[in-house]
1. Take the conditions part of a loop (DSSP other than H, G, I, E, B) and either within 12 Å of the ligand (Cβ to nearest atom) or more than 8 Å from chain A (Cβ to nearest Cβ) (or both) and apply them to B:ALA248. Does it pass?
2. Looking only at strands (runs of 3 or more DSSP E) that lie completely in region A:1-100, which have at least 3 residues being surrounded by 18 or more Cβ atoms within 10 Å (Cβ to Cβ)?
3. Taking region A:104-145 as the search range and keeping residues that are within 8 Å of another protein chain (Cβ to nearest Cβ) and not in a loop (DSSP other than H, G, I, E, B), which one is farthest from the chain's Cα centre (by Cα)?
4. Mind counting the residues in region B:226-242 that are of a type in the set (Gly, Ala, Ser) and within 13 Å of the ligand (Cβ to nearest atom)?
5. Among the residues of region B:151-194, count how many are more than 29 Å from A:ARG161 (Cβ to Cβ) and out of contact with any Phe, Trp or Tyr (no Cβ under 7 Å at 6 or more places or on another chain).
6. Would you confirm whether or not region A:9-29 contains a residue that is of a type outside the set (A, V, I, L, M, F, W, C) and under 28 Å from A:ARG141 (Cβ atoms)?
7. Is it fair to say A:GLU37 is within 24 Å of A:GLY132 (Cα to Cα), within 14 Å of chain B (Cβ to nearest Cβ) and out of contact with any strand residue (DSSP E or B) (no Cβ under 8 Å at 6 or more places or on another chain)?
8. Being within 9 Å of the ligand (Cβ to nearest atom) and modelled with pLDDT of 95 or more is the filter here; which residues of region B:251-266 pass it?
Amino acid sequence: MRIIVCFKVTQDLESVMKRDWEQASLEAFDISYTQKELNCYDEAALEAALRLQDALRASGEEAVVDAVTIGNGNYDIFYKNMFAVGVNQIFQIHTEEDLTWRPDAVAGLLAEAAQPYDAVFMGCKNAMGENGLTPYLLAGRLGRPCLNQVISVRCAEGGLRAVCERDAGELHATVRQPAVYAFGNSDTPYLRVATLREKLAVKGKKAEHLERSPEGKEGFRACRLFQESLVKECTFLEGESAEEKARGLLDTLRKEKLA
Amino acid sequence: MKIVAVIRESSAQVQNQIYALAESIRPLGGSAQLIYLRKCEDAGELPDFRGYEKVLAVRPKGTLPEDPEVWADAAEMFVKPDEEVLAVLPATMEGSEAAALLAGRLGCGCLLNVKTLRQSEEGPVLSRPAYSNNLTVSFVPESLPAVCSVTVQPAAEVPEGEAPAVEEVQLAEAYEEPSWLEDAEIIPRAEEEGITAAKRVVVAGRGVGSREKIPQMQELAEALDARLAATRPVVYDGWVDKSCMVGASSAIIAPELCVVMGASGAAAFAAGVEKSKYLVAVNNDPSAAVFRIADLGIVEDCNALAEALLRELGGEKVG
Ligand SMILES: Cc1cc2nc3c(=O)[nH]c(=O)nc-3n(C[C@H](O)[C@H](O)[C@H](O)COP(=O)(O)OP(=O)(O)OC[C@H]3O[C@@H](n4cnc5c(N)ncnc54)[C@H](O)[C@@H]3O)c2cc1C
């Protein structure tokens, strides 16, 4: 089975300065000073693909996990770990344009890379743009079904057994390939970390870089980016000790008729 | 521009979805139609449809599976590619999926998890969260039709006015299982699991320190007659079950009382609890963002406070 994982390298949003959130706009929002990280949902998709690869190989089946990303940065530090933990090949697509609000253009670029694969694994959304549409648009372009909010995938008779979160509970479905799997709150959210020996074994491996021009029909145009102001006023409960504060809290709850 | 809400008869929350969508659509002005897809041929009483101008209740043949495709089927009967219409679905998991499928079939634009809709000179403006809920981004449709899914706020207001006329329609096509599906079943969530329905919630954040501290938080939750919930890292680290997670990417709750213990208040988490009627935040860092969404703030070690609360209550249960 040939699996491709679509992933994005994002910025660490927890270390963005307050001022930058406050002054954010579509024209000026630069948070490139923060650390880069793997988009959390894509990280889960990568780990799930590697686990599937392990399981398929253990049962004597062939399995390959490749990966593709779009971006212009230097992501070698991520690639080193990904190669070392078992990703076979990585494609990095470079484009001149900002695709943050252009999910259809992203889907177009990914579709070209994903076409030859049996299964596409990806995160359900990117923590920055957060459109949540790319998996559907990609599946649409590939003419394949899209399973969203995937928790886990394993091999099964007749296809892959996917467990997905649904409004009413969990969907357990056996799916014939090809298909697109978009991971949400996965059972395996963290990507394994390579050992030094594993890293040394793939020392010379490099990602393949491609130049592409994006094309897409978005349907919606972003017109404003801003931080919403908060209106809540917090009252602080004073006290010398945890006991005093606990009593104060219970008194307040009683006053508010909450206790 | 015509506005069409599309709702599928599903869980007990459907009445709230009907009200919430009416409330979200109202700022667009004008009136909205509702396409209400019934669960099965012989579904019982209809809910209260106040807030809409007209309702089309779509009845399937037999019982419908939990497949968003059928939701899109029903919408497609009434929303046509050459119409100036904005179709609005609830941003539940299936609702957003149905919105994306419908947009794909109509070949039009789609926006998911919209928080607010308003009218402007340029036409409708739809805003949704971005950058993990730290920012809001607004969009205008480049053309119509367009489709969106709108976040359903818990406990929406009941609209005033008369109940609209309801027209019964038959779903055009019978359901056919997709060829890519070998087999499928939905394992329903146990009712008592749902933290969205809880009136009181205690949330454990990573500040509780370790898995060993969770039983004390559970004990506190029980003493306050509350349900225990958790932030994402606490769930991802396996300290509590996934069904307890709150935040933008899990459950959005609006309990009467929410006590947040040792959570930083990151925007993606805050989106899940900020609608609480009374929010108490406990954090040992006075500058923690969680205090910005709290009614009452306590700068304290959350485990010491939990211990003191339990001692103070001395086995007594409140609530
Ligand atoms: C796309 C995306 C979606 C996300 N969705 C969600 C979501 O749905 N839900 C969610 O929760 N998160 C979500 N997150 C993660 C979110 O951004 C935060 O990382 C997360 O909420 C942090 O959890 P935390 O506050 O428990 O931990 P931390 O950020 O580690 O905060 C711990 C807090 O505890 C305080 N503390 C430490 N020790 C003590 C003590 N002894 N007593 C009192 N206070 C103490 C610290 O001061 C700190 O403020 C999402 C992130 C992304 C990128």
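1. Answer is yes for this residue.
2. Result: A:2-7, A:9-11, A:64-70, A:89-94.
3. Residues of region A:104-145 within 8 Å of another protein chain (Cβ to nearest Cβ): A:127-133, A:136-137, A:140, A:144-145.
Remaining after also requiring not in a loop (DSSP other than H, G, I, E, B): A:136-137, A:140.
On the way: A:TYR136: 14, A:LEU137: 16, A:GLY140: 19 Å.
Among residues in region A:104-145 that are within 8 Å of another protein chain (Cβ to nearest Cβ) and not in a loop (DSSP other than H, G, I, E, B), the one farthest from the chain's Cα centre (by Cα) is A:GLY140.
4. Total satisfying the criteria: 2.
5. First, pick out the residues of region B:151-194 that are more than 29 Å from A:ARG161 (Cβ to Cβ): B:151-172.
Okay, now just the ones that are also out of contact with any Phe, Trp or Tyr (no Cβ under 7 Å at 6 or more places or on another chain), so B:151-155, B:160-162, B:165, B:167-172.
Number of matching residues: 15.
6. Within region A:9-29 (the criterion being of a type outside the set (A, V, I, L, M, F, W, C) and under 28 Å from A:ARG141 (Cβ atoms)), the answer is yes, since at least one residue qualifies.
7. no
8. Listed by number, the residues that qualify are B:VAL260, B:MET261, B:GLY262, B:ALA263, B:SER264, B:GLY265, B:ALA266.
The values are calculated or read from the model by the stated rules, or taken from the named source; none is laboratory data. Computed from a predicted structure; not experimentally measured. Cβ coordinates were reconstructed from backbone atoms using ideal geometry, including for glycine residues, and neighbour counts include every protein chain displayed.
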